[in-house]
Structure formats: structure tokens, C-alpha cells
Amino acid sequence: MKTFYKSQAWPAQRWRWIIPILLVLLFLATLIWLPWQAQRMEANERQEQLIADTLWVEQAIQFQLNRNEEMLRQVGAEIMTSRLPANAVLERFRTILKNNHEIQRIVWFDNRDTAIASTADSAAPARETPPPQAVSGGMDGKLRCLTPTPETNTKNSYLLSCQIPLLQENRHFGRILISYRLSGILEELVPWWFAQDNQISLVDVDDKVVASRAAGGPGKNVYTHNRALDLPGVALTLRTNSNKSEPRLLSNLLVLAIILLSLGLLWSLAALWRDINRRLAAEGALRQQMAFRTAMENSLITGLRARDMEGRLTYVNPAFCRMVGYPAAQLVGRLPPMPYWAPEALEEYQQRFTQILAGTVPAEGFETIYQHANGERIPVLIYESPLVNERGQQTGWMSSILDVSELKRAQELSRQQEEKLHASARLATMGEIASMLAHELNQPLAAISSYTTGAINLLQAGQVEPAMLQSALEKANAQAQRAGQIIRSVHEFVKKREPTREAVSIADLIQSAMPLIELQAQGAHVSLQWQLEPDLPPVLADRVLLEQVLLNLTRNAIEAMQKIAPAQRVLRILASFDAAGDRIAVEVIDRGHGIPANVAGLLFSPFFSTKASGMGMGLNICRTALEFHGGSLSHRDNPGGGTIFRFALPALHATT
């Protein structure tokens with residue numbers, strides 16, 4: 001059944017699971033892509049920033065070189081127009097050199113390439129000679145730079161020389177040669193903040209580094225950019241190599257925070273997934289349990305109902321609804337009085353309901369009567385127990401109701417059968433003493449016949465004496481009353497009747513049963529003795545049932561003494577009050593053969609008898625009758641020989 005449930009439930013829940021799984025996978029892919037994309041964006045941003053900074057540095061270098069060119073052209077214009085002397089020109093050169101440290105030297109050559117003024121050798125400028133690459137003729141007046149050359153007496157240091165021709169109206173006045181120390185250009189014209197983050201190099205056309213600056217350390221070849229310097233006549237490239245490494249995947253705090261939040265979300269999703277699986281499993285188990293409990297409740301024949309602390313019905317099961325004939329919709333939510341309460345028992349219901357609310361309802365249950373919807377009365381047995389919630393607080397009462405109609409009918413049938421058995425036992429007893437009864441009745445009847453015959457003879461002889469006639473009639477009347485008493489005792493003993501309990505005196509009971517006991521004792525030649533304690537309290541009992549018990553016990557005692565000597569055949573009946581137990585005890589004592597040990601355990605068993613013609617029901621009936629009255633029956637050995645049977649009944653004042 002469980003496998004079938006899962007196979008049916010999975011197709012219905014497939015899409016419920018596939019969509020969250022796809023969303024989680026998409027989220028994971030986004031989570032993986034986001035740091036990578038952030039890394040790429042940061043790398044691109046660094047590269048773009050490097051390009052922009054490199055362009056700015058290139059423009060700054062280019063601007064400064066152009067500015068130097070303009071200042072020298074002004075000096076050259078003054079040379080050509082004002083015929084400045086050499087010392088004045090030198091002074092102007094020194095001023096420019098002082099303010100621009102990237103310049104190594106400035107030299108003025110005339111049209112015969114003779115040095116007129118030089119910042120390098122002011123004492124003997126004629127010693128200066130133009131570089132071999134310098135062009136002396138055919139110049140167009142434009143700036144021209146020469147290939148960088150190593151600086152004298154300096155390792156790995158190069159000079160960049162640029163010449164500015166002095167031409168005016170096609171007249172050549174010479175040229176000004178300005179020499180830049182390439183490392184000085186990088187040191188003076190590149191900002192310090194840019195040099196801290198990048199290695200800056202100047203590279204010639206052969207990719208040879210002619211100048212380099214690495215204040216923050218060598219570049220890591222991750223972010224690089226090359227920018228060509230716009231210098232006529234020479235090809236130099238400004239190369240920047242950032243000393244920053246590739247951005248780490250989790251370098252960004254925002255990305256780190258997002259990842260941490262994402263991991264927390266994934267953990268939450270996993271926990272939620274686990275909880276959902278547990279809840280689904282619990283719901284499945286709960287559905288199975290509910291189906292099982294519903295099937296179990298539907299199969300119960302015991303009615304169940306639940307009430308809150310105010311007595312309002314909160315639950316009834318189908319068995320209770322069938323028992324009272326009302327559907328659950330008409331019962332749940334109702335307060336007393338209930339529709340199934342019988343009108344004649346409303347006071348009892350209210351009393352029970354008060355006990356329930358007070359918590360004093362008996363734990364062993366109680367019987368009452370309910371009224372079915374069709375008016376039929378139903379005897380029920382009710383057990384009440386507190387209804388406690390998960391915090392240990394009582395929230396109401398749970399009742400179990402049993403329909404005891406069949407039990408009552410069975411008890412009534414058993415009672416009727418037991419009564420019939422008692423009547424049959426009494427008839428059997430009368431059958432056994434029938435001959436003795438006929439003999440006993442024959443004596444008073446013969447005496448009556450004799451007395452009446454004598455009276456008739458006196459009348460016929462005319463010798464009527466009132467005293468004699470009165471004596472004869474009185475004796476005849478006494479014999480007739482004796483016979484009538486015997487007949488009435490037998491009639492009362494054997495007639496069919498309903499058992500009734502009333503106050504019965506033990507002394508009167510024994511005396512009323514004496515005629516029948518004497519009949520049995522005379523036939524067996526048994527002497528009868530009885531001793532009754534004075535002022536015995538009465539017992540609440542059925543007189544006929546107690547007479548039957550007494551007759552059965554005395555008959556058994558008489559039969560037990562048939563094989564002993566006639567002088568020892570004595571039957572004693574004792575009645576006394578047991579103050580300790582508050583009971584009336586009656587003992588039947590014989591001097592018979594006694595009860596063997598192997599028979600004593602089976603003595604009260606049904607259909608067990610030591611007599612050849614016995615039914616084995618006498619002692620069992622006696623014990624049942626006494627237990628019906630709240631009494632008991634026992635036996636013990638008689639120290640003088642024989643057996644003592646003792647039955648005890650509660651005194652009437654003890655039961656009231």
C-alpha cells in the first residue's frame with residue numbers, strides 16, 4: 001500500500017520539485033558567474049584606467065617637449081632678429097635648463113656647425129660637435145630628433161637629441177640642439193602616483209629599453225599598454241606595465257558579502273528542502289495513521305465522545321452516533337441538555353455532569369440510560385477520563401460508552417435460568433422427601449378421622465358431653481392445622497416465584513423450615529438439636545432461597561450419618577452473631593464420615609457429586625444463592641467427627 005501511494009504521488013509532485021531544482025541550479029550558475037564577471041570587470045576597469053593614465057602621461061611628455069621646443073624657437077627667433085650675443089643666449093639656455101631637469105644640455109651651432117653657446121661646456125663651447133646623425137643642409141625648419149645614443153660615462157643611460165633649425169627667409173643661421181636624458185624624462189614628467197603603480201619604459205624600434213622607471217617595483221605583465229611618442233625622426237614607444245596582479249576572485253567585499261549571503265541562502269534552501277521532505281514524510285505517515293485510526297474508529301462498537309471543560313461536545317465517533325441515532329453534525333458543539341438524555345433521568349444527568357466538571361466522577365464507571373432518536377431506551381456503561389493536551393493541561397473529558405443492552409438481557413436470562421434451576425432443585429428435594437411427607441400427613445389425618453369418628457359415636461349414643469366433644473374437636477383442629485402447615489411449607493417451597501429481598505429473621509427462618517427438616521431427620525433416625533442466640537438482627541434476603549440452602553445442608557448432613565451408629569446420629573444447627581464481621585453465622589454440624597481431602601477442592605464444582613444418584617448441583621446452588629445475598633459458604637472438619645458447614649450473611653443494620 002505504501003509503494004502504491006508513492007508511485008501515485010510522485011508524478012503529481014514531479015513538477016513541484018523540478019522547478020525548484022532548476023531555480024537552484026540557475027542560482028548556483030549565477031553565483032559562480034557573478035564573481036568571475038566581477039573579476040573580469042575589475043580587470044577591464046584596471047586595463048582601461050591604465051590606458052587612460054598612459055595616454056595622459058604620453059600627452060604630458062609630449063606637451064613638455066613641445067613647450068621646450070617653443071621656448072627654444074623663441075630664443076632662436078631672437079638670435080636671428082636681434083643678433084643676441086653668445087653670453088645672452090647661454091644665459092637663456094641656462095634658465096631653461098634650470099626649470100626643466102629632463103634636459104641634459106642645450107647647444108647653439110652656427111651655420112658652419114660651430115658651437116657658439118653650450119650649457120655643457122660654457123668655457124669652451126667650440127669643443128661641442130653636432131651628433132653624426134645631425135643634418136646640416138636641406139633643412140625645412142621643422143624639429144627633427146635623432147636616434148638615442150648612450151650617455152658618456154653612464155651605464156644604461158641614453159640621450160635623445162633634437163635639433164631646431166634656425167631659418168629665416170631661406171637664410172640659414174645654424175641650429176639649436178637640445179639633448180634629453182631619457183631616464184630624466186620619465187623621472188621628471190611621469191607623476192609619482194603613476195610610477196608607484198606601474199613600471200614605465202621607453203622602448204626604441206628594436207624593442208630595446210632605453211629608459212625605465214619602477215618606483216613601485218617591476219611590472220607583472222598583467223596590465224600593459226604601449227603608446228608611441230610623436231617625435232619626428234625617431235620611433236620611441238612609451239610602455240607601461242602595471243605592478244598589480246590579476247584581481248582575486250573574492251577581492252571585492254561586496255562580492256564576498258553576496259557569496260556569504262548566497263551560501264547562507266543555499267544552506268537555508270537545503271534545510272528547507274530537508275524540512276519539506278520530513279514534513280511530506282510526516283504528512284504521509286499522518287495520512288496513513290489517520291486512515292488507520294478512521295478505519296479503527298469506524299469498526300469500533302464502543303462509543304467515544306469528547307467534551308471541553310464547559311461540557312460542550314467536541315467529538316463523537318460513528319459508533320456513538322449509531323448508538324443514540326443522531327448524526328455528528330447535530331451533536332458536535334452542543335451544550336447540555338443533550339438530545340439523547342431520557343426525560344425521566346434528567347436529574348441524574350445533571351448530577352453526573354456536575355461531578356464530571358468537578359472531577360469527582362468514579363473511575364470504575366457508572367450505568368445510566370440513554371434515549372435513542374426513535375424513543376427506545378438504551379442502558380449504557382460510561383467510563384470518563386481526563387483529556388490532557390501536550391503541555392499536560394486538562395482541556396476536557398473523553399468518554400467511552402458501552403451499550404449493555406445485550407449484557408442486561410443475558411443477565412436477565414441467566415437469572416431466570418438460575419431461578420428455574422433453584423425451582424428444579426426444590427422439586428427434586430420434595431421428590432426425595434415425598435414418602436416421608438405422605439407418612440407425616442397420614443398421622444394428622446388419621447388422628448382427625450379418629451377424633452371425628454369418636455365425636456360421631458358420642459352423638460349417636462346420645463352421650464354427648466360438651467367438654468368431651470369440645471376436646472375432640474380441638475384435637476382434630478390442631479391436627480388439621482398441623483397438616484395445613486406442612487402443606488403450606490411445601491407449597492411455598494416449590495412454587496415458582498420471583499426472588500424478593502426483605503428483612504428476614506434467622507430464628508423465624510429456622511423455625512419455619514423445621515417441619516421439613518424434622519421429616520428428613522425422622523426417616524433417618526437422626527436426633528435434631530438447634531441453638532439460636534437471642535436477639536439476632538435480621539438479614540436482607542429472600543426467605544425461600546435461604547430455606548433451600550438450609551434444607552440442602554441439613555439433608556446432606558443427614559445422609560452423611562446413615563452408616564454410623566444410631567446413638568451418634570445427631571444433627572446440630574447453631575445461629576450466632578459475629579460482631580467482628582458484623583454478620584449472622586449459621587452452622588450445620590453432623591457426625592458423619594467427613595469430606596476426604598481429594599474431594600474438598602471439587603466440592604462446590606457444578607455437576608460434581610459423591611452420591612450415586614446426585615446431580616452435583618446442590619452445594620453449587622447454595623453458594624450461588626448466598627453470594628447473591630453478599631454472603632459466603634465454607635466448610636471445615638468437625639473435631640468430634642463429621643463436617644461443619646457454615647454460611648454467613650451481612651446483618652441488616654450493617655447494610656443500611
Sole miss for G392 among (1) out of contact with any helix residue (DSSP H, G or I) (no Cβ under 9 Å at 6 or more places or on another chain); (2) touching a residue at least 12 places away in the same chain (Cβ under 8 Å); (3) in a loop (DSSP other than H, G, I, E, B) is condition (2)
Residue pairs within 8 Å by beta carbon, gap of at least six or interchain, first lying in the stretch 346-359 and touching a residue at least 24 places away in the same chain (Cβ under 8 Å), second open to solvent by 50 Å² or more (accessible area, probe 1.4 Å), listed first then second, are L357/M309; G359/P386
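Output the residues belonging to the stretch 622-637 that are open to solvent by 30 Å² or more (accessible area, probe 1.4 Å) and over 55 Å from the mean Cα position of the chain (by Cα). Reasoning before the result, please.
Of all residues in the stretch 622-637, those open to solvent by 30 Å² or more (accessible area, probe 1.4 Å) come to 623-624, 627-628, 630, 632, 634-637.
Once the filter is applied, which keeps residues that are open to solvent by 30 Å² or more (accessible area, probe 1.4 Å) and over 55 Å from the mean Cα position of the chain (by Cα), the stretch 622-637 yields S634, H635, R636, D637.
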Apart from one, (1) open to solvent by 40 Å² or more (accessible area, probe 1.4 Å); (2) over 30 Å from V222 (Cα atoms); (3) outside any strand (DSSP E or B) all hold for Q37; the odd one out is (2)
In the stretch 176-197, anything open to solvent by 10 Å² or more (accessible area, probe 1.4 Å) and either farther than 27 Å from G141 by Cα or of a type in the set (S, T, N, Q) (or both) is listed as S183, E187, E188, P191, W192, W193, Q196, D197
Any hit, the stretch 140-156, residues being open to solvent by less than 20 Å² (accessible area, probe 1.4 Å), over 17 Å from S118 (Cβ atoms), among the hydrophobic types (A, V, I, L, M, F, W, C) and assigned to a strand (DSSP E or B):
yes
Within the stretch 521-552, restricting to residues that are under 17 Å from L571 (Cα atoms) and of a type in the set (G, A, S), the one that is surrounded by the fewest Cβ atoms within 10 Å (Cβ to Cβ) is S527
Picked from the stretch 240-264 (must be open to solvent by 80 Å² or more (accessible area, probe 1.4 Å) and at pLDDT 70 or above), the residue nearest to the chain's Cα centre (by Cα) is L263
Confirm whether S161 is under 16 Å from L236 (Cα atoms), touching a strand residue (DSSP E or B) at 6+ places or on another chain (Cβ under 6 Å) and part of a helix (DSSP H, G or I). no
Going through the stretch 282-329 in order, the residues found to be assigned to a loop (DSSP other than H, G, I, E, B) and of a type in the set (S, T, Y) are T302, Y326
Within the stretch 492-549, restricting to residues that are among the hydroxyl-bearing types (S, T, Y) and outside any loop (DSSP other than H, G, I, E, B), the one that is modelled with the lowest pLDDT is S512
Restricting attention to the stretch 395-407, the residues that are open to solvent by less than 50 Å² (accessible area, probe 1.4 Å), closer than 16 Å to P379 by Cβ and either free of Cβ contacts under 8 Å to residues at least 12 places away in the same chain or not hydrophobic (A, V, I, L, M, F, W, C) (or both) number exactly 3
Restricting attention to the stretch 573-601, the residues that are in a strand (DSSP E or B) and hydrophobic (A, V, I, L, M, F, W, C) number exactly 9
Scanning the stretch 74-119 for residues that are over 12 Å from G174 (Cα atoms), open to solvent by 20 Å² or more (accessible area, probe 1.4 Å) and touching a residue at least 40 places away in the same chain (Cβ under 8 Å) gives T81, H101, Q104, R105
For the stretch 585-610, the count of residues that are at pLDDT 80 or above and within 60 Å of the chain's Cα centre (by Cα) equals 0
For the stretch 291-313 the number of residues that are more than 22 Å from the chain's Cα centre (by Cα) and open to solvent by 50 Å² or more (accessible area, probe 1.4 Å) is 7
Of the conditions (1) within 23 Å of W397 (Cα to Cα); (2) surrounded by fewer than 13 Cβ atoms within 10 Å (Cβ to Cβ), the single one that R274 does not satisfy is (1)
In this structure, does L26 turn out to be under 60 Å from the mean Cα position of the chain (by Cα), modelled with pLDDT under 75 and hydrophobic (A, V, I, L, M, F, W, C)? no
So, first residue assigned to a helix (DSSP H, G or I) and at pLDDT 85 or above in the stretch 636-656, second residue of a type in the set (D, E, K, R) and open to solvent by 80 Å² or more (accessible area, probe 1.4 Å), Cβ within less than 7 Å, six or more apart or across chains; the pairs are none
Restricted to the stretch 354-394 and to residues being closer than 19 Å to F320 by Cβ and among the acidic types (D, E), the residue least open to solvent (accessible area, probe 1.4 Å) is E384
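The values are calculated or read from the model by the stated rules, or taken from the named source; none is laboratory data. Not measured: the values here are computed from a predicted model. FYI the Cβ positions are ideal-geometry reconstructions off the backbone, even for glycines, and counts take in every protein chain you see. Accessible surface areas use protein heavy atoms only, side chains included; no ligands, DNA or RNA. Shrake-Rupley method; radii C 1.70, N 1.55, O 1.52, S 1.80 Å.
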